[in-house]
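Okay, so here's the structure we're looking at.
None of the figures in this text is laboratory data; all of them are computed from the coordinates on show. If you're wondering where the values come from, they're calculated on a predicted model, not measured in any experiment. As a convention, Cβ positions derive from the backbone with ideal geometry for all residues, glycine included, and neighbour counts pool all protein chains shown.
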Amino acid sequence: MGRFVLPLDDPGADLATVGGKGASLARLVRAGLPVPGGFHVTTDAFRLAGPAGEVPAEVADEIRAALPDGPVAVRSSATAEDLPDLSFAGQHDTVLDVRGEGVLDAVRRCWASLGTERAVAYRARNGITDAAMGVVVQEMVPADAAGVLFTANPVTGARDETVVNAAPGLGEALVGGEVTPDEYVVAGER
């Protein structure tokens, strides 16, 4: 693909290169699990864009070359998220059902979400002083319901409880706090 766009399963897709979400998805794909197809826009692309956040021409060209025909989800993947002790759930943007040139604007939105007041405050509260943004672009899948899985209970901190919050649809209303999700707690030793 190139310097700024990597295949989803790229062996170099690690926390520093593609962010936490991207690194986790790369591991899942390499393990053979069913993950919707896609690619990473690297943290190098974010750094090249600089404070203006415009997608540089060489990055845009690589993104265009990698796009599938159908709609995609454009998902933020910060280097400070999905860490062992911090999730950053809901702190950064995801843009769903995007096509063609709209992907470039969605990438800009994801990059910009690193600098929102809530994301900056969350990093400050947790002592994180440096972060960059990768972006994951994945094929959309039709979903009757979507949710979030927490590997530790986000309310109590219990690491022997896995919590799933789910709601009908693509999940935007869930992560946006617009609906009360169904919640499932699974307890037990790991």
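Here is how the numbers come out for the structure above:
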| quantity | calculated |
| --- | --- |
| Shape of the range 126-179, Cα gyration tensor, a/c cut at 1.5 | oblate |
| Residues Thr43, Thr17, Thr129, Thr151, sorted so that the one with the fewest Cβ neighbours within 10 Å comes first | Thr129, Thr151, Thr17, Thr43 |
| Ala187-Arg125 pseudo-label distance in nm [points 7 Å out on the Cα-to-Cβ vector] | 2.6 |
| GNM flexibility winner over the chain from Leu28, Leu114, Leu15 (Cα, springs under 10 Å) | Leu28 |
| Global form of the chain, assessed from the alpha-carbon gyration tensor, a/c cut-off 1.5 | prolate |
| Long-range HN-HN contacts of Gly169 with modeled amide H, under 5 Å | Ala145, Ala146 |
| Computed lengthening from Glu172 to Ala57, 0.36 nm per intervening residue step minus Cα-Cα distance | 38.4 nm |
| Helix-derived mean residue ellipticity, 222 nm - over the chain, DSSP H n ≥ 4, -39500 (n - 2.57), to 500 | -9000 deg cm²/dmol |
| Sorted by Cβ neighbour density within 10 Å, fewest at the top, the residues Ser77, Ser113 | Ser113, Ser77 |
| Placed amide H near Ala80: partners under 5 Å, 5+ positions off or other chain | Gly20, Ala132 |
| Residues Met140, Met133, Met1 arranged by fewest to most Cβ contacts within 10 Å | Met1, Met140, Met133 |
| Lys, Arg +1 and Asp, Glu -1 on Cβ, resulting dipole of the chain about Cα centre, debye, nearest 20 | 360 |
